[in-house]
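First the structure, in the form of structure tokens, and then the observations on it.
The values are calculated or read from the model by the stated rules, or taken from the named source; none is laboratory data. None of the values given here were measured: they were computed from a predicted structure. Positions of Cβ are generated from backbone atoms using ideal geometry, with glycine treated the same way; all protein chains shown enter the neighbour counts. The area values use the complete protein model at the heavy-atom level, side chains included, leaving out ligands, DNA and RNA. Shrake-Rupley method; radii C 1.70, N 1.55, O 1.52, S 1.80 Å.
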Amino acid sequence: MNNRVKKRKKKKIHPFFILLFPLLLCYYESIFRISTTGGYFRLSTLCMLLFSVSYGAVIYLLASLFKNPKINYILTAVLMGGLALVYLVEYFVYRQFKVFYDISTVVGGAGDAVGGYTKEMFGLIFCWDGIFKIILFALPTVLYLILRKRLIPTARSDARRRCIAVGVLVICYVLSLLFINGNDIYKSVYKTEYNYHTAVGNFGLITGVRLDIKNLIIGDYGDGFEQLEDLETNPIPDPDPDPDPDPDPDPNPDPDPDPDPDPDPEQPKVYLNNEMALNLTEKASGRIKDLNAYVRSLTPSKQNEYTGIFKGKNLIMITAEAFTAEVIDPVLTPTLYRLATKGINFTDYYQPTSASTTGGEYQNIFGMMPTAGGMSFKNTSDNLNYFTMGSQLNRLGYYGKAFHNNSYTYYSRHKTHNNLGYSDGFMGYGNGIEKYVKNNWPQSDLEMIKGTLPTYIDKQPFNVYYMTVSGHSGYTRSGNGMTKKNWSRVAELNYSDAVKGYLAANLELESAMAHLVSELENKGIADDTVICISTDHFPYGLDENGKLGNMPYLSELYGYKVNNYFERDHSRLILWCGSLEDSEPIVVDTPTFSLDILPTLSNLFGTEFDSRLMPGRDVFSDADALVFNMNYDWKTEYGTYYASSGKFVPADETVEIPDGYVSRMKTIVRNKIRYCEWTLENDYFRYLFG
């Protein structure tokens with residue numbers, strides 16, 4: 001009997017296998033960046049590639065962990081395919097919404113996307129570009145499955161190779177951090193001014209996901225609120241001083257030859273602070289203690305000549321889907337033009353786009369930035385929403401209701417909008433509004449206004465909210481019922497079909513407003529009714545590409561090339577009341593944005609509010625103008641700061657900006673964003689008012 005033992009040949013790992021995942025991630029990140037934000041040849045790309053190599057080393061260690069080659073083979077294929085799927089999901093999200101969605105938004109909004117954007121998503125996927133991107137991301141996995149036996153055996157790696165992988169991991173990761181900490185802009189994005197969209201755009205998708213997971217666990221955007229120094233003692237000079245002062249005033253003017261022997265000058269009115277008696281005790285703990293200290297440090301704004309001018313009047317508040325200033329035209333949209341020009345004119349207004357429709361709606365209603373992305377609004381469903389206009393006017397005895405002409409469960413509105421303070425809750429398609437609105441896509445704003453107006457017009461004072469849908473993207477006659485319905489009204493305009501389709505869809509809002517104003521006038525209550533209209537986001541559905549500088553249809557609509565977020569997100573706030581039409585228009589030409597809506601309405605309606613609790617400002621108060629977005633860009637009367645470049649561009653080169661101004665404003669913006677985050681996470685108003 002032959003007792004010789006046959007030696008089994010040990011299957012060695014192929015030398016290329018150690019490079020597989022580092023090269024794979026560099027490939028995925030490169031394709032992803034080129035396909036989304038562009039700008040591949042910039043400094044942050046080096047950081048992105050170094051991070052990719054370090055992550056690839058980690059995945060290599062996982063993929064070669066087991067002694068059984070079959071297990072490693074399956075694990076490798078799953079990891080490769082799973083990574084490709086992650087990139088593809090985020091790519092198609094960006095194509096649809098022109099913003100990267102963080103983990104909680106993707107997970108929490110998956111059902112909404114499948115249910116509400118099925119047609120759009122299918123259109124994005126099953127087109128030449130979508131199929132091509134699927135092939136690009138799937139190709140490495142397919143090649144691995146075909147060639148792995150010849151080129152990439154998946155046996156367990158030896159200790160030497162694993163040590164090499166660990167060394168590469170550490171070196172590349174440390175080099176990335178050194179690179180980031182040596183650059184003030186990237187250091188801010190990575191740490192104190194973290195934002196998922198900006199992090200992905202600079203450091204790559206996997207780094208953005210890693211930072212997002214870290215922030216979900218830690219639960220904040222930084223260590224706490226930052227202290228401001230000398231903000232009040234160094235006032236900024238008037239950016240618009242008297243342009244024509246007397247060059248040679250008489251040092252000894254003659255006295256009044258006939259002075260009034262008994263002058264009775266009108267005493268100037270003393271305005272009170274918009275401040276409430278709050279329990280801002282230092283005895284609180286954790287984040288509540290930090291929030292209390294931050295609010296105590298703020299100076300409240302004052303009441304003013306416009307305080308209470310709408311007291312007791314009705315309010316109709318509207319978030320208009322994809323609306324923008326360029327829709328307003330004296331011929332094409334005469335009612336919207338009337339509302340925009342014969343009320344309060346906002347000539348420098350912005351709606352930062354942070355989380356698609358639900359993010360813009362959140363900004364309009366809560367006066368807060370959506371720091372939890374698309375989950376921000378959903379996270380309010382159990383909070384005490386004390387300062388929404390629904391809650392404020394409900395406390396004054398108003399009848400209130402919210403309406404939407406699309407699915408009442410979409411974005412969980414059946415939960416969130418029933419918690420906005422409106423006395424009669426919320427109605428959408430599926431719980432009542434289908435009685436008035438046909439099941440077209442998108443549904444008609446005119447039908448919604450026509451059907452619902454009789455339900456509240458005799459319940460004065462009333463306070464209602466509308467989220468419209470007629471202006472939704474998909475601006476083709478075959479894919480958009482409102483574009484098809486109103487096409488004849490735009491067919492002869494000198495625009496491309498895409499822009500004409502967008503304008504046609506928004507003409508349904510014009511028709512709705514024409515009917516609304518007419519009915520208010522017929523009822524004799526136009527002078528007692530306020531209409532407030534703001535958009536939810538810029539018309540992102542006009543262009544397939546979301547790259548700044550490469551949005552041809554949006555640039556055509558705007559009349560200029562869109563190169564930055566402020567140019568992209570400019571819009572128009574409409575704030576009208578029939579009682580204002582007989583007076584000269586009130587012009588607000590300082591920078592304003594959606595977070596200013598809530599404090600401004602609170603002031604105009606004379607409600608009790610604390611301006612320190614609102615990151616926006618009452619535009620008629622003494623508070624300084626400030627517009628900012630989740631990318632940490634900001635704009636004031638004195639100039640604009642672009643966080644991506646770290647540059648401050650003065651609005652007027654002749655005005656001297658004091659030393660430290662830009663630094664102080666950056667700190668203010670970081671504090672305001674942190675306040676928005678912690679207020680939402682900690683249900684802060686329940687602590688103050690519950």
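Some notes on this structure:
- Among residues of the range 291-304 that are under 21 Å from Tyr271 (Cα atoms), those with a Cβ under 8 angstrom from a residue that is open to solvent by 60 Å² or more (accessible area, probe 1.4 Å) and among the charged types (D, E, K, R), sequence gap 6+ or separate chain, pair up as Thr299/Glu232; Pro300/Glu275; Ser301/Asp622; Lys302/Asp622; Asn304/Asp622.
- Scanning the range 380-402 for residues that are assigned to a helix (DSSP H, G or I) and surrounded by fewer than 19 Cβ atoms within 10 Å (Cβ to Cβ) yields one hit, Asn394.
- The residues in the range 428-476 that are under 11 Å from Glu508 (Cβ atoms) and either in contact with a Cys (Cβ under 8 Å, 6 or more places away or on another chain) or without any contact (Cβ under 8 Å) to a residue 40 or more places away in the chain (or both) can be counted, and the count is 1.
- Ser285 vs. criteria open to solvent by less than 40 Å² (accessible area, probe 1.4 Å) and either modelled with pLDDT under 95 or out of contact with any Leu (no Cβ under 9 Å at 6 or more places or on another chain) (or both): no
- Residues located in the range 314-358, provided they are open to solvent by less than 10 Å² (accessible area, probe 1.4 Å) and modelled with pLDDT under 95: Gly343, Ala355, Ser356, Thr357, Thr358
- Total residues in the range 673-690 satisfying the condition of being open to solvent by less than 40 Å² (accessible area, probe 1.4 Å) and not hydrophobic (A, V, I, L, M, F, W, C): the figure is 6.
- In the range 145-202, the residues that are β-branched (Val, Ile, Thr) and farther than 28 Å from Phe17 by Cα: Ile180, Ile185, Val189, Thr192, Thr198
- Qualifying residue in the range 645-663 (condition: under 16 Å from Gly616 (Cα atoms) and either touching a residue at least 24 places away in the same chain (Cβ under 8 Å) or not in a helix (DSSP H, G or I) (or both)): no
- Within the range 635-653, the set of residues being farther than 18 Å from Thr192 by Cα and polar (S, T, N, Q) comprises Thr636, Thr640.
- Selection count where residues are among the aromatic types (Phe, Trp, Tyr) and open to solvent by 30 Å² or more (accessible area, probe 1.4 Å), scope the range 471-513: 2
- Test: Leu509 is within 26 Å of Ser391 (Cβ to Cβ) and either part of a helix (DSSP H, G or I) or in contact with a helix residue (DSSP H, G or I) (Cβ under 6 Å, 6 or more places away or on another chain) (or both): no
- Residue satisfying condition, being under 16 Å from the mean Cα position of the chain (by Cα) and β-branched (Val, Ile, Thr), within set Thr636, Thr592: Thr592
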